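A.B. asks: Here it is, the structure, as structure tokens.
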Amino acid sequence: MAEVRRAGPDDATAVAPLLHESAAEMYDRFSGGRERALRTLERAFAEPGNAASAEAVWVAELEGTVTGAMAGFPVNEAAARARAFLRVALRGSPPWRWPGALWLFWLGGRASPNPPAAAFYVDALATDRRMRRRGVARRLLEEAEREARRRGLPALALDTTISNKPARALYLSAGFDEVAHRPPGRGLPGFVALVKPLS
């Protein structure tokens, strides 16, 4: 069974590719390619206050190896953390990339459904492809639920692309309900929002 813990400073090189995997196409478009996206995620991991900061990340280990990662925080922190991530990304990008990154940031913020205000938001969740179907993602979701309860939040929330059928099946089997859908448009995939009330 996977062991889940808070991420530490030494986890950056393991966490960055996992967070990237959670939305690779968007990270690559935003940063200008995979290598630049991975560097951005490593910088963001080391800088507090953004959506990929170490203090917002949990990792899952199997046999002593980090095989899964999750970034999460209360919904009321989401906007500030997203803006802080944007600043980290822009600092590491050439100025000629800034207009496209800003446009994608603006577009992405309007394309995905808004989660409920009183919820713990799972911003990113990914498992190493070689370690899937071993309960890693489910263990991370259980940790998100514990964190939500610890903070007195009555729900978990997350979103994924409409086409990501394996993730949607996992979330539904873990007690989430699909509560909103956004169709594809403007070069972005469609999104589905999921919520799990915590009684």
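Read the figures in this text as sums done on the coordinates, not as results from a lab. Note that this is a predicted model, so its numbers are computed, not measured. Note that each Cβ is placed from the backbone with ideal geometry, even for glycine, and that neighbours are counted across all protein chains shown.
A.B. asks: At least 2 residues that are crowded, with 16+ Cβ neighbours inside 10 Å and hydroxyl-bearing (Ser, Thr, Tyr) in each: list the strands (runs of 3 or more DSSP E) lying fully within segment 150-199 that qualify. Write out each step before concluding.
C.D. replies: Details: elements: 155-161, 177-182, 191-197.
Here the list reads 155-161.
A.B. asks: Hey, among 163, 173, which residue is without any contact (Cβ under 8 Å) to a residue 12 or more places away in the chain and among the polar types (S, T, N, Q)?
C.D. replies: 173
A.B. asks: How many residues does segment 53-85 hold that are in a loop (DSSP other than H, G, I, E, B) and either touching a Pro at 6+ places or on another chain (Cβ under 9 Å) or of a type outside the set (D, E, K, R) (or both)?
C.D. replies: Number satisfying all stated conditions: 2.
A.B. asks: Also, quick follow-up: Would you pick out the residues in segment 42-69 that are under 12 Å from the mean Cα position of the chain (by Cα), hydrophobic (A, V, I, L, M, F, W, C) and farther than 10 Å from residue 15 by Cβ?
C.D. replies: 51, 56
A.B. asks: Sticking with this one: Would you call residue 65 surrounded by fewer than 16 Cβ atoms within 10 Å (Cβ to Cβ), more than 19 Å from residue 158 (Cβ to Cβ) and polar (S, T, N, Q)?
C.D. replies: So residue 65 passes the test.
A.B. asks: Would you confirm, using the coordinates I've provided, whether residue 188 is more than 21 Å from residue 105 (Cβ to Cβ), in contact with a helix residue (DSSP H, G or I) (Cβ under 8 Å, 6 or more places away or on another chain) and of a type in the set (A, V, I, L, M)? First the steps, then the outcome.
C.D. replies: Values: more than 21 Å from residue 105 (Cβ to Cβ): no; in contact with a helix residue (DSSP H, G or I) (Cβ under 8 Å, 6 or more places away or on another chain): yes; of a type in the set (A, V, I, L, M): yes.
Answer is no for this residue.
A.B. asks: To continue, here is another question. Within segment 130-145, is there a residue that is out of contact with any helix residue (DSSP H, G or I) (no Cβ under 6 Å at 6 or more places or on another chain), buried (at least 17 other Cβ atoms within 10 Å of the Cβ) and over 19 Å from residue 56 (Cα atoms)?
C.D. replies: Checked against the condition, which is being out of contact with any helix residue (DSSP H, G or I) (no Cβ under 6 Å at 6 or more places or on another chain), buried (at least 17 other Cβ atoms within 10 Å of the Cβ) and over 19 Å from residue 56 (Cα atoms), segment 130-145 yields at least one hit.
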